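In what follows, a single structure is set out as structure tokens and then discussed.
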Amino acid sequence: MSDQIAPCLWFDGQAEEAANFYVSLLPDSRVDAIHRAPANFPSGKKGDVLTIEFTLAGRKFVGLNGGPHFTFNEAVSFQIYCEDQREVDRLTAALSAVPEAEQCGWVKDKFGLSWQIVPKRLLALMTDPDGAKARRAMEAMLTMKRIDIAAVERAAEGGGVI
């Protein structure tokens, strides 16, 4: 994997808290470096955390304490691919801080960042060569806030969503 590009996430003073939270959720995750401001800056003072480098599921990220000027929105989200319902449920519970924002596996965390909790099985069903089966899987998923893999499987097979 290349370290040439890393998403930089803009926070209002919570970059270190966010990085520590995110790395606690996924394997192959860690805080790599904390950089403190060498001088006062518009949203902080000398010695405050300016940036934090972290690895999340093997991918490099940077958190920047840039101040209140910019906030996250749904135009950018991060997908987490899950092996089973237990992982879907665990990550959804950990990341969803705005229940009314939940839709089709999307959640918004306490920092305002959007995530897509995606079961690998859902992707397989929605790309099934049987177009009717794929359509039923997608239609079932569109009715859900949190993805229920078994319900999507039943719908895909023609049993409807229960």
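Treat each spin label as a single point 7 Å out from the Cα along the C-beta direction, and report the residue 103 to residue 85 distance in nm.
2.5 nm
Using all C-alpha to C-alpha distances in the range 28-162, build P(r) with 10 Å bins and read off the rounded percent in each one.
12, 32, 28, 16, 9, 4, 0
Assuming R0 = 41 Å, what is the FRET efficiency of residue 127 and residue 24, from their Cβ-Cβ distance, to the nearest 0.05?
0.80
Using a cut-off of under 19 Å, list every residue of the range 20-43 whose amide N is near the label point 7 Å from the Cα of residue 12 along the Cα-to-beta-carbon line.
Those under the cut-off are 41-43.
Round to the nearest 0.05 the FRET efficiency obtained for residue 4 and residue 70 when R0 = 25 Å and r is the Cβ-Cβ distance.
About 0.55, to the nearest 0.05.
Considering only protein heavy atoms, what is the solvent-accessible area of residue 34 at a probe of 1.4 Å, reported in Å² to the nearest 10?
Roll a 1.4 Å probe over it and residue 34 shows about 70 Å².
Looking at the range 1-139 only, what percent of DSSP beta bridges run antiparallel? Nearest 5 please.
Once the DSSP bridges in the range 1-139 are tallied, antiparallel ones form about 65 percent.
The values are calculated or read from the model by the stated rules, or taken from the named source; none is laboratory data. From a predicted model like this one, the values you see are computed outputs, not experimental measurements. Note: ideal-geometry Cβ built from the backbone for every residue, glycine included; neighbour counts use all protein chains shown. Areas reflect the complete protein model, heavy atoms only, side chains present, ligands, DNA and RNA absent. Shrake-Rupley method; radii C 1.70, N 1.55, O 1.52, S 1.80 Å.
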